[in-house]
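K.L.:
Here it is: the structure, laid out below.
Derivation of every value follows stated rules applied to the coordinates shown; laboratory data play no part. For clarity, every value in this text was computed on a predicted model and none was experimentally measured. All Cβ positions, glycine included, derive from the backbone under ideal geometry; neighbour counts span all protein chains shown.
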Amino acid sequence: MKIKPRAVLLLSAVIGLLATSVLAADKASPSPAQVAFERLKGLAGQWQGRVGDREKGPEAKVNYQVTAAGNTVMETLFPGTRHEMVTMYYLEDGKLVLTHYCAAGNQPQMALTRKSTPDTLDFNFIGGANIRSRRDGHMHAARIRFVSTEELEAEWDYFADGKKADTKKFFLKRKI
C-alpha cells in the first residue's frame, strides 16, 4: 500500500495542532483561586497590628505558615493566648476555601467569591461544623486586602440571629 504525500501532510498538520494544543493547555494561565492562594502563601511569617482602630485598637498578632507540602496556608490569630484561633486556607475542587476554627467553638467554612480581585479576597459562608442553623452565632464572611507586601487589612463579619451583628477589622504589618 502506497501512502499519498497529501495524506502524510494532512496527518502531520493534525499532529502538530494537537501538540500545540497540549503545550498551550500546560501553559494556561492560573485560575483566580490559584492566584489568590499564591498571594496567601506570600503572607508567610509574623504579622502584628491593631484590631478595630488602626492607631488605638487592641494589639493583634497573626502568624501565617505554608504547610501540608504547600497545599495549605495556616493563619494563627492571637497565637499563644486563650483566644487563639486558626484558619486554614486551601484549594478544593478548583475553589479557594477556608475553614475557621473559632474560639466560639464552631468551624465555619467560606469560599472565595466572584467579588474578589487580585488585591482583595472576598469570602462568604458555605457551611460548617457546630453550626445548627444560620441563626447560630458564627463568622459568616471575611475580606483580606493586600495593601502592600508588608501591610494588609482584614475584616471578619460575625452573624447572629441570621444577620450581621459585628465586623472585626484588623490592620496588620509584617514583623518578620
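K.L.:
On alpha carbon coordinates alone, what is the Rg over Rh value for the range 76-131, Rh being the Kirkwood radius?
P.N.:
Here the Rg-to-Rh quotient is 1.02.
K.L.:
Grab the other residues whose beta carbon is less than 12 angstrom from that of Phe171, score K and R as +1, D and E as -1, and report the net.
P.N.:
Local charge sum for Phe171: +1.
K.L.:
Hey, another quick one. Based on the Cβ-Cβ distance from Asp119 to Asp161, what FRET efficiency comes out when R0 is 35 Å, to the nearest 0.05?
P.N.:
Here the calculated transfer efficiency is 0.60.
K.L.:
For Ala44 and Ala129, compute 0.36 nm times the residue count separating them, minus their Cα-Cα distance, and round to one decimal in nm.
P.N.:
Stretched fully, the Ala44-Ala129 segment lengthens by 27.9 nm.
K.L.:
What does the charge dipole of the range 74-175 about its Cα centre add up to, to the nearest 20 debye, if the Cβ of each Lys and Arg holds +1 and the Cβ of each Asp and Glu holds -1?
P.N.:
Rounded to the nearest 20 debye, it is 220 debye.
K.L.:
Residue separation times 0.36 nm, minus the C-alpha to C-alpha distance between Ala111 and Ala69: what's the value?
P.N.:
This chain segment gains 13.0 nm when fully extended.
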